Amino acid sequence: MQRWRGVTAASGGLGRSVVTIGVFDGIHQGHQAIIGHTVKRARDLGIQSVVVTFDPHPAEVVRPGSHPAVLTGPARKAELIEALGVDVLCVLPFTMEFSRLTAEQFVHDLLVEQLHAAVVVVGENFRFGHRATGDVALLEQLGRTFGFAVEGAGLVSDNGTIFSSTYIRACIDAGDVTAAAAALGRPHRLEGVVVRGDRRGREIGFPTANLLTPQHVAVPADGIYAARLVRSDGPVRPDGLSGGGPGLPAAASIGTNPTFAGRDRRVEAFILDFDGDIYGEQVAIDFVARLRETRRYDGVGPLVAQMNTDVAQVRAVLGV
């Protein structure tokens, strides 16, 4: 997959293309349907498929401080898009100047002049242009003027629940990582570098990998989770897992460690049946199921007893 930063990176030999546009945070099942349709149409026509997305998030530019929790960082998003078979990923730097383009300018300058769109695939709630004044009806009208077709992709839902990035963020914020995984089509993932913590876990027989996560990421609610820790840097498969497999079984904890009067909110994972050093490694934690809320215990003894119970539950959930 070609990766462009801005349309000025476009190859002169691109020719006609099938284009889809969106923030695509999470690359959830709805996004997968839109991108999958884009790829299929491009292959049917024998031309290139192009996914256009934005960085930073448009909300942060238009309304500073309103940045929503991020489901997938730029690198992860690119990997997931590539795994869907896309030919070109075009990341547009979203600036205040760009946000002021009218709907007509957006279509002419980007879709017609730069990407030579033959087909544009969008969701039924797609909006574009200054103050989001453009909708699918206007896009279809402009398509007739400029010579491209517009094809809609219906919203993906389950039992009446429409899958969206907003819905998934709400699930994660509530700790319902099972519902989030159903909408994503894979477990929700946090990525970061393993850093040294207080080393209390090692002292009581449960050494943990403390994850330093990037700013703005969507961190699940405080609690204990059945999870998998992924170390592999291998290619991403279409199901979102790294090429090295599903990862190492782990009991993940999110919270302030109230038994030891902790104040800093942390993400840490005890890796089952593992004895090694991963300090400084870039890893990921895939959250499979929430086991319980975070609790304060009266001493180390009750805490260790509960942690043994948690590990047994993790084994049951993950089948290890």
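The values are calculated or read from the model by the stated rules, or taken from the named source; none is laboratory data. Just so we're clear, the structure is a prediction, and the values are computed from it rather than from any experiment. Cβ atoms come from the backbone with ideal geometry, glycine included; neighbour counts cover every protein chain shown.
Can you name the number of the only condition in (1) assigned to a loop (DSSP other than H, G, I, E, B); (2) in contact with a helix residue (DSSP H, G or I) (Cβ under 6 Å, 6 or more places away or on another chain) that VAL23 fails?
Failed condition: (2).
Of all residues being on the phi > 0 side of the Ramachandran plot and either among the small types (Gly, Ala, Ser) or modelled with pLDDT of 95 or more (or both) in the range 193-235, which is surrounded by the most Cβ atoms within 10 Å (Cβ to Cβ)? Just the residue, please.
Among those that are on the phi > 0 side of the Ramachandran plot and either among the small types (Gly, Ala, Ser) or modelled with pLDDT of 95 or more (or both), it is GLY223.
From the list ALA179, ALA153, exactly one residue is assigned by TED's automatic domain parsing to the domain that holds ARG63, over 30 Å from TYR279 (Cβ atoms) and of a type in the set (A, V, I, L, M). Which is it?
Criteria check complete, one pass: ALA153.
What number of residues within the range 144-182 satisfy the criterion of being of a type in the set (A, V, I, L, M), part of a strand (DSSP E or B) and in contact (Cβ under 8 Å) with a residue 40 or more places away in the chain?
Final tally of qualifying residues: 2.
Quick one: in the range 247-275, of everything that is assigned to a loop (DSSP other than H, G, I, E, B) and farther than 13 Å from THR208 by Cβ, which residue is modelled with the lowest pLDDT? Explain how you work it out, then say what you get.
Pass one, the range 247-275, residues assigned to a loop (DSSP other than H, G, I, E, B): 247, 256-257, 261-265, 272-275.
Still in the running and farther than 13 Å from THR208 by Cβ: 247, 256, 261, 263-265, 273, 275.
Values: GLY247: 87, THR256: 80, ALA261: 53, ARG263: 58, ASP264: 73, ARG265: 84, ASP273: 91, ASP275: 84.
If we take residues in the range 247-275 being assigned to a loop (DSSP other than H, G, I, E, B) and farther than 13 Å from THR208 by Cβ, then ALA261 is modelled with the lowest pLDDT.
Being touching a Pro at 6+ places or on another chain (Cβ under 8 Å), surrounded by fewer than 19 Cβ atoms within 10 Å (Cβ to Cβ) and among the acidic types (Asp, Glu): is that true of ASP158 here?
No.
Just the residues that are aromatic (Phe, Trp, Tyr), over 14 Å from GLY247 (Cβ atoms) and out of contact with any helix residue (DSSP H, G or I) (no Cβ under 6 Å at 6 or more places or on another chain), please, taken from the range 271-305.
If the condition is that a residue be aromatic (Phe, Trp, Tyr), over 14 Å from GLY247 (Cβ atoms) and out of contact with any helix residue (DSSP H, G or I) (no Cβ under 6 Å at 6 or more places or on another chain), then TYR279 is the only one that fits.
Of the conditions (1) surrounded by fewer than 17 Cβ atoms within 10 Å (Cβ to Cβ); (2) free of Cβ contacts under 8 Å to residues at least 12 places away in the same chain; (3) at negative phi, GLY65 satisfies every one except a single condition; which number is it?
(3) is the only condition that GLY65 fails.
Assuming GLY30 fulfils every condition listed in (1) under 22 Å from GLN114 (Cα atoms); (2) out of contact with any Asp or Glu (no Cβ under 9 Å at 6 or more places or on another chain) apart from one, which condition is it?
If we test GLY30 against (1) under 22 Å from GLN114 (Cα atoms); (2) out of contact with any Asp or Glu (no Cβ under 9 Å at 6 or more places or on another chain), just (1) comes out false.
Conditions tested, residue by residue: (1) of a type in the set (Phe, Trp, Tyr); (2) surrounded by fewer than 19 Cβ atoms within 10 Å (Cβ to Cβ); (3) closer than 13 Å to VAL19 by Cα.
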position	(1), (2), (3)
PRO93	no, yes, no
GLU97	no, yes, no
LEU101	no, yes, no
GLN105	no, yes, no
HIS108	no, yes, no
VAL112	no, yes, yes
VAL119	no, no, yes
GLU124	no, yes, no
ARG127	no, yes, no
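For (1) at pLDDT 95 or above; (2) surrounded by fewer than 15 Cβ atoms within 10 Å (Cβ to Cβ); (3) out of contact with any Pro (no Cβ under 7 Å at 6 or more places or on another chain), each residue gets a yes or a no:
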site	(1), (2), (3)
MET1	no, no, yes
GLY12	no, yes, yes
SER17	yes, no, yes
ILE21	yes, no, yes
ILE27	yes, no, yes
GLN32	yes, no, yes
LYS40	yes, yes, yes
GLY46	yes, yes, yes
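Yes or no: the range 109-117 includes at least one residue that is more than 20 Å from LEU89 (Cα to Cα), among the polar types (S, T, N, Q), outside the structural domain of GLY247 (by TED's automatic domain parsing) and out of contact with any His (no Cβ under 8 Å at 6 or more places or on another chain). It would help to see each step written out before you state the result.
Restricting attention to the range 109-117, the residues satisfying the condition of being more than 20 Å from LEU89 (Cα to Cα) are none.
For the range 109-117, residues more than 20 Å from LEU89 (Cα to Cα), among the polar types (S, T, N, Q), outside the structural domain of GLY247 (by TED's automatic domain parsing) and out of contact with any His (no Cβ under 8 Å at 6 or more places or on another chain): absent.
Which count do you get for residues in the range 39-62 that are in contact (Cβ under 8 Å) with a residue 12 or more places away in the chain and in a loop (DSSP other than H, G, I, E, B)?
So the answer is 3.
For the range 123-131, does any single residue satisfy the condition of being modelled with pLDDT of 95 or more and either on the phi > 0 side of the Ramachandran plot or part of a loop (DSSP other than H, G, I, E, B) (or both)?
No, there is no match, as no residue in the range 123-131 is modelled with pLDDT of 95 or more and either on the phi > 0 side of the Ramachandran plot or part of a loop (DSSP other than H, G, I, E, B) (or both).
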